[in-house]
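Heads up: the structure comes next, in structure tokens.
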Amino acid sequence: MSETISQLGYLIAAILFILGIKGLGKPRTAVRGNLLGSLGMLLAIVVTLADQQIISYGWLAAGLGIGAAVGVVFAQRVEMTSMPQLVALFNGFGGLASVLVASASFVEAVDTETDDSQLAVAAALTLIIGAVTFSGSVIAFAKLQGLMSTGAIGAGILRPATAVLALGAIAVSAAMVTDATTDLWLYLLIATGTLLGLSLVLPIGGGDMPVVIALLNSLSGLAASATGFVLSNALLIIAGSLVGASGLILTIVMCVGMNRTLFNVMFGGIAPSGGGADADEVYAGKVRQTNADEVALMLDSASKVIIIPGYGLAVAQAQHATRELTKLLQDNGSEVSFAIHPVAGRMPGHMNVLLAEAEVDYEQLIEMDTANPQFPECDVAIVLGANDVVNPVAREVGSPISGMPILDADKARSVIVIKRSLSAGFAGIPNPLFAADNALMLFADGKQAVSDINRAFREL
Amino acid sequence: MTFIAALTMFVLAVFLGVELIAKVPPTLHTPLMSGSNAISGITLVGAMVSAGTDHSTLTSVLGFVAVVLATINVVGGFLVTHRMLAMFGPKRKRAPEAAK
């Protein structure tokens, strides 16, 4: 009887998760969706606490208390620019938790000499997926947080190592399933999975982080789902696979945004800058500089302005100054919008969050497909901390970014590029837009430059 | 639960997840990700069982650590999602006024 009630409770929790994820997909219902999701989680916790299997409440309460306190601190303290790191970290925690749960179940099965091959298979899967999620997330966190180089590391050695480790993981899994009498396989498999996560994520460069974060999100869901197979728990299976599917969709959206396949992102990497023209050829004698006063004059007479924000804007903390600029321009009668490239920022939708935090009106944010037809009628396009996503070379064949969808900033009547130097973006190639006839470079820190433009504009 | 029953549930839920997410606007991608990330902390339920059943010291310790990690994931994930969505909030109210 009690078992039936628990199962019904879990079923309601699963429904709440489904309604929650559905709600999160629409602006009007997103807040409610998140609340429904958390309500589902609360119900799942209460039902589990009431479970008769649980006899020791002290440590459980302590664990929940510590976890909740740390979670609150993380959630309150994090800067919006650091959101990708936080999600990476949470993914890692989720993955590691799944590893520990599966380990505990397997250890218990070994102790009680339960020969359950279904459990062993599920546990092996959970350990691999969970360990990869954990170590991969730690590396993603370290790269995003600037604790290690954001570039591709050791691709030459690690890509073959990945294949070896993957085969090793399969072999150890097979041993674990056929010989469920020792914990040894468990530790070996955790070690193999952890190394596999390292070798998968280390060679992926910073520009591909949106894909990696989305993929790790998907994996953390799949790890939870696999844990559900270990414990024969329907709620874990359902909730985990919902998250796995949603993470996968976002992964694909990000890949489409870069016109690359997931395989290419994971194992190909952007080709080193070979083939393209070198920077001196592209820029020599053609780059024209401007200053804040001149930009203010141009903007004063512009009726349509499109701003193209890149991650450089967030690094320079220029969001608030930019929001002020849009207000000045709007009060002056200009139409201002923000063209957001799908992979702007460090995770899917990151730029939208950063601009929302700076209180940019969300109606002003337009997607690439809406923005591109508008550029020919745009008087001034301002490129702020973006580079590869406005590189017209992407339209040509034979460059490392060929075929990547770009924002057609070069088609605007005038283009102002605010950037500290002519240094290349993640793709490592020069950008002919910077040397175009209709382009002017404003070499400065993003925040300083926009503040200067604001001041010059007010003084007009 | 038989393996086939579990697998059926898994496959159906994957399809459902794909349907639910397919047309989400980019503005909501980050909150969607952190919110679904919190839901993937459901592994907490398994962790609680491991920590609370007192099978052996090893399983209790593994369970305890798993409870802490999964709870951080759950609580932090839902809260930070709420914080982000609140930033989108006021603008939605302002928009209809502008339309008038």
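The values are calculated or read from the model by the stated rules, or taken from the named source; none is laboratory data. These numbers were taken from a predicted model, which means no experiment stands behind them. Positions of Cβ are backbone-derived with ideal geometry, glycine not excepted, and every protein chain shown enters the neighbour counts. To get the accessible areas, we keep the full protein, side chains included, count just its heavy atoms, and leave off ligands, DNA and RNA. Shrake-Rupley method; radii C 1.70, N 1.55, O 1.52, S 1.80 Å.
Some observations on this one:
- Its Cα gyration tensor gives the stretch A:174-295 an equivalent ellipsoid; the semi-axes, largest first and in whole Å, are 44, 20, 12.
- Nearest 10 degrees, 0 to 90: helix A:184-201 Cα axis against chain A principal axis: 10 degrees
- Translational diffusion of the protein assembly as shown was estimated from the Stokes-Einstein equation, with Rh taken as the Kirkwood radius over Cα pairs; at 10 °C and 1.306 mPa s the coefficient is 65 µm²/s.
- Around B:Ala51: net Lys/Arg minus Asp/Glu count, Cβ-Cβ under 15 Å: -3
- Global form of the stretch A:78-267, assessed from the alpha-carbon gyration tensor, a/c cut-off 1.5: prolate
- Accessible surface buried upon A-B contact (total; probe 1.4 Å; Å², nearest 100): 7900 Å²
- Ligands, DNA and RNA are left out, and with a 1.4 angstrom probe the accessible area of chain A is 39 Å² per residue.
- The stretch A:354-442 shape via C-alpha gyration tensor axes, a/c threshold 1.5: rounded
- Distance histogram for the stretch A:276-458 (every C-alpha pair counted, 5 angstrom bins, percent rounded to whole numbers): 1, 9, 18, 23, 23, 15, 7, 3, 0, 0
- Loop-located trypsin sites (Lys or Arg not before Pro) in the stretch A:215-309, at most 14 other Cβ atoms within 10 Å (DSSP): A:Lys286, A:Arg288
- Scanning residues 5 or more positions from A:Lys304 or on other chains, those with amide H under 5 Å from its amide H are A:Glu335, A:Asp379, A:Val380, with H placed 1.01 Å from N in the peptide plane.
- For the stretch A:84-197, a/c is not less than 1.5, where a ≥ b ≥ c are the root eigenvalues of the C-alpha gyration tensor, and a/b does not top b/c. That puts it in the oblate class.
- Flagged links, alpha-carbon separation over 19 Å, of A:Lys327/A:Lys419; A:Lys143/A:Lys447; A:Lys419/A:Lys447; A:Lys26/B:Lys23; A:Lys304/A:Lys447; A:Lys26/A:Lys304: A:Lys327/A:Lys419; A:Lys143/A:Lys447; A:Lys304/A:Lys447; A:Lys26/A:Lys304
- Radius ratio Rg over Rh of the stretch A:239-355, counting only Cα atoms, Kirkwood formula for Rh: 1.08
- Share of carbon and sulfur in the accessible heavy-atom surface of the stretch A:78-267 [1.4 Å probe, %]: 73 percent
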